[in-house]
Amino acid sequence: MTAQTMQIGDRPCRIYGADCAEYLLLQMTDEHELQRMDNEVAAIAQGAAHPFLFAAVSVESWNDELSPWEAPVVWGKESFGGDAADTLHFLTEQVISTLKKQFALPENIRIILGGYSLAGLFALWASTQTNLFYGIAAASPSVWFPDWMEFEQQRPIQTQHIYLSLGDKEEHTKNAVMAVVGDNIRTLHSQLIARGADCTFEWNSGGHFKDADLRTARAFRWVMEESR
């Protein structure tokens, strides 16, 4: 599937697919992920029963633009700026409308927001703010993020189709903040099921940085193909 680059607002977006799409797939991504994006989209498209348009939307400051609220440093030197609301506003007010017009997408096209790691958490958080999304494809989402579980209890995820995954080594970390990721994602999955959501949770082999492109592809594919 051939990619093209579009400038939307102040962000370059890499677009895959064509007109007549039945699904619009959105993923916040950085330069590192873009290096494997062709591979990810090819994996999504392999055997897909529904035509889709995929937009990889660039993020410059990963920790700031994808975090729902401010939080201190967890690893490395960067804290979290809590600018996710601005990012979501850009998605809903500029990206989606531009893509609908440019590619003649149906007004009621099913929109799936997905991502890996903090972008996966951003997708989950975004679905607590709006009912715009048909589904959420959250691969190894950062559900360890401080106060996330309490927040989601107070303001629940609104979409009915949610894919969750985690690497089986991710919770076995010496970082005390991030070590809760396993318990948190199990709890989140159980709570979503109890609320009647169409939600699956998949364990992947390995740690957080293994096969991120293929894990994210599986997430999008499940929401498109299996959430029925």
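Quick notes on this structure:
- Tally, over region 139-153, of residues that are on the phi < 0 side of the Ramachandran plot, surrounded by 17 or more Cβ atoms within 10 Å (Cβ to Cβ) and outside any strand (DSSP E or B): 8
- Matching residues, region 18-38, being open to solvent by less than 30 Å² (accessible area, probe 1.4 Å) and either in a strand (DSSP E or B) or among the small types (Gly, Ala, Ser) (or both): Ala21, Tyr23, Leu24, Leu25, Leu26, Gln27, Met28, Thr29
- Residues that are hydrophobic (A, V, I, L, M, F, W, C) and surrounded by 20 or more Cβ atoms within 10 Å (Cβ to Cβ) were ranked within region 161-185; the one that is farthest from Pro141 (Cα to Cα) is Ile162.
- The set of residues from region 191-205 being surrounded by 13 or more Cβ atoms within 10 Å (Cβ to Cβ) and at pLDDT below 90 comprises just one member, Asn204.
- Every residue from region 206-215 that is touching a helix residue (DSSP H, G or I) at 6+ places or on another chain (Cβ under 6 Å) and open to solvent by less than 40 Å² (accessible area, probe 1.4 Å): Asp213
- Restricting the search to helices (runs of 4 or more DSSP H) fully inside region 39-138 and requiring at least 1 residues that are of a type in the set (A, V, I, L, M), surrounded by fewer than 18 Cβ atoms within 10 Å (Cβ to Cβ) and on the phi < 0 side of the Ramachandran plot gives 84-90.
- Criterion: more than 24 Å from Gly81 (Cα to Cα), touching a Phe, Trp or Tyr at 6+ places or on another chain (Cβ under 7 Å) and part of a loop (DSSP other than H, G, I, E, B) - qualifying residue of Thr200, Thr216, Thr159: Thr159
- Being under 28 Å from Lys174 (Cβ atoms), out of contact with any Asp or Glu (no Cβ under 8 Å at 6 or more places or on another chain) and without any contact (Cβ under 8 Å) to a residue 24 or more places away in the chain holds for only one residue in His32, His89, and it is His32.
The values are calculated or read from the model by the stated rules, or taken from the named source; none is laboratory data. Everything quoted here is computed from the prediction, not taken from an experiment. Ideal geometry is used to build each Cβ from the backbone, glycine not excepted, and the neighbour counts take in all protein chains shown. Calculation scope for accessible area: heavy atoms of the full protein, side chains included, ligands and nucleic acids excluded. Shrake-Rupley method; radii C 1.70, N 1.55, O 1.52, S 1.80 Å.
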